[in-house]
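Enquirer: Take this structure first; my questions come after.
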Amino acid sequence: MRWVPAALAVLLLALPAFADPPKEPTVDELIADLGHPAFGTREKAQRELWKRGDAALPALERAVKSDDPEVARRARELLSKFEWGIRPDTPPAVLKLIRQYQTGDPNNPARSSVALWQFRFARFDHICSL
């Protein structure tokens, strides 16, 4: 009978493994979190919305009209990234070139656009329209 307490302890420790995994927040919940009082929660929500990509676009377009300036600012930042074709999987070298193009290179304004063309990445059409 000594094994009964040990068996109960093992079962109790194993229970969390059988619990339902935590559900992912909805896009609307993440939009609301953009205005959360805790900085970490706002940052996490912004990163998660960015990862959601195009699925988050309609909610972000609504969020830019929010009365909460923090929500509106963060939504504008994300929409700007999407408009420039910046996604979580954008290679760092391409991101650097996009940033150079955005800020302008006074020595050679076409240098960044030519370098981006050489990458021939799928979202180049966003930059071609500039």
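Enquirer: Just need a number here: residues in region 67-107 that are of a type in the set (D, E, K, R) and assigned to a helix (DSSP H, G or I).
Expert: 9
Enquirer: Continuing with the same structure: Which condition from (1) surrounded by 13 or more Cβ atoms within 10 Å (Cβ to Cβ); (2) at pLDDT below 65 is the one that LEU12 breaks?
Expert: Only one criterion is unmet by LEU12, namely (1).
Enquirer: Exactly one of (1) at pLDDT 80 or above; (2) exposed (fewer than 15 other Cβ atoms within 10 Å of the Cβ) is unmet by PRO109. Its number?
Expert: (1)
Enquirer: Which condition breaks for ALA55 when tested against (1) aliphatic (A, V, I, L, M); (2) surrounded by 15 or more Cβ atoms within 10 Å (Cβ to Cβ); (3) closer than 22 Å to GLU83 by Cβ?
Expert: Going through (1) aliphatic (A, V, I, L, M); (2) surrounded by 15 or more Cβ atoms within 10 Å (Cβ to Cβ); (3) closer than 22 Å to GLU83 by Cβ one by one, ALA55 breaks only (2).
The values are calculated or read from the model by the stated rules, or taken from the named source; none is laboratory data. These numbers were taken from a predicted model, which means no experiment stands behind them. No Cβ is skipped: glycine too gets one built from the backbone with ideal geometry, and neighbour counts run over all protein chains shown.
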